[in-house]
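A short reminder: the numbers here are calculations on the coordinates, not readings from a lab. Keep in mind that this is a model prediction, so the values were computed, not measured. Please note: Cβ atoms are built from the backbone with ideal geometry, for glycine as well, and neighbour counts cover all protein chains shown.
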Amino acid sequence: MAAHLSIRDLTCRFGGLTALDHVSFDVMPGTVMGLIGPNGAGKSTLLNCLCRIYQPSEGSIRFEDADLLQTRAHDLCRAGVGRTFQNLELFGEMTVRDNVLVGCDFRLGAGFWSDLVRGPKTRRAERQATELVERELEALRLAHCADSIVSTLSFGEQKRVELARALVAAPRLLLLDEPAAGANPSETEQLGRLIRHLRDARGLTILLIEHDMSLVMDVSDEIVVLNHGQKIAQGTPAEIGTNPDVIEAYLGE
Ligand code: ADP
Ligand code: MG
């Protein structure tokens with residue numbers, strides 16, 4: 001089977017600092033790849049290269065048939081890539097529902113002309129968007145707070161709002177940056193079930209950056225370990241858990 005996401009020799013430098021150093025790995029369709037490593041290892045940088053926020057100095061990223069480095073950041077959603085952020089990127093003073101609705105923007109073809117015309121096609125798209133939003137609010141246990149202002153929610157709930165917003169765009173590749181941060185153990189367990197559900201029931205390919213080892217070990221099909229910008233190991237959770245280089249990297253943190 002061909003890889004869904006293929007990263008080759010990805011290198012990203014900030015001045016004299018090499019945040020990513022020739023990192024290569026493949027993610028197969030419908031699998032969860034865990035991306036772990038001590039603080040400063042380069043995990044968020046890799047995600048930001050994928051999302052076209054940072055420009056890598058070398059390397060390639062292929063997703064499906066596309067060269068992702070030729071895709072502009074605002075076209076990623078249309079290309080089938082969705083993400084959540086390590087630090088939330090929500091509209092704090094808007095409701096949960098409106099924040100999630102933003103994720104449907106590209107489906108609505110929002111813009112000057114469609115606002116002006118608002119023909120039957122736009123209205124149908126709007127109805128579809130509303131249905132999708134309600135479905136994801138249900139799926140992420142946010143229906144009860146759909147009309148709440150986002151900034152009044154707990155951090156864990158806000159993380160779910162971000163995830164809902166990514167999901168309404170129907171991504172085929174989902175990038176999650178520390179989704180369990182700020183979650184309590186029971187929320188983390190629910191998140192694990194949700195990630196498995198997204199993979200098994202919806203067939204999503206997921207790249208998961210996560211600090212919570214029990215979650216990564218629990219849901220990942222495979223794990224890549226970064227340290228100082230380099231890939232130091234790749235394997236199943238069982239292989240990674242007993243890899244001496246990985247244990248040493250974490251002990252030195
Ligand atoms: P992680 O997410 O694994 O904790 P990061 O990818 O955030 O690590 O950071 C990797 C390294 O790159 C760190 O040394 C960090 O300080 C540096 N870095 C990340 N982003 C920038 C940036 N925009 N400018 C300069 N240095 C950066
Ligand atoms: Mg990070």
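Roughly what % antiparallel, to the nearest 5, for the DSSP beta bridges in the chain?
So the antiparallel bridges in the chain amount to around 55 percent.
May I ask for the Rg/Rh ratio of the chain, computed from Cα atoms with Rh as the Kirkwood radius, given to two decimals?
Across the chain, the Cα-based Rg/Rh ratio is 0.98.
Taking the chain as the reference, fit the longest principal axis to its C-alpha atoms, fit the long axis of helix 185-200 to the helix C-alpha atoms, and give the angle between the two in degrees, 0 to 90, nearest 10.
Around 80 degrees separate the two axes.
Using a simple charge model, +1 on the beta-carbon of Lys and Arg, -1 on the beta-carbon of Asp and Glu, nothing else, what dipole does the range 123-253 show about its Cα centre, in debye to the nearest 20?
With only Lys, Arg, Asp and Glu charged at Cβ, the dipole is about 740 debye.
Taking the Cα atoms of the range 117-249, what is the range of coordinates along each of the three principal axes, in descending order and whole Å?
Result for the range 117-249: principal-axis Cα extents of 61, 31, 27 Å.
Expressed as a whole number of Å, what is the distance separating the alpha-carbon centroids of the range 194-253 and the range 2-61?
Cα centres, the range 2-61 to the range 194-253: 14 Å.
When a/c is below 1.5 the answer is rounded, else prolate if a/b is larger than b/c, else oblate, so apply that to the range 178-236 with a ≥ b ≥ c taken from the square roots of the Cα gyration tensor eigenvalues.
Because a/c hits 1.5 or more and a/b fails to exceed b/c, the range 178-236 counts as oblate.
Taking Cα atoms of the range 1-55, Rg/Rh with Kirkwood Rh, to two decimals?
0.98
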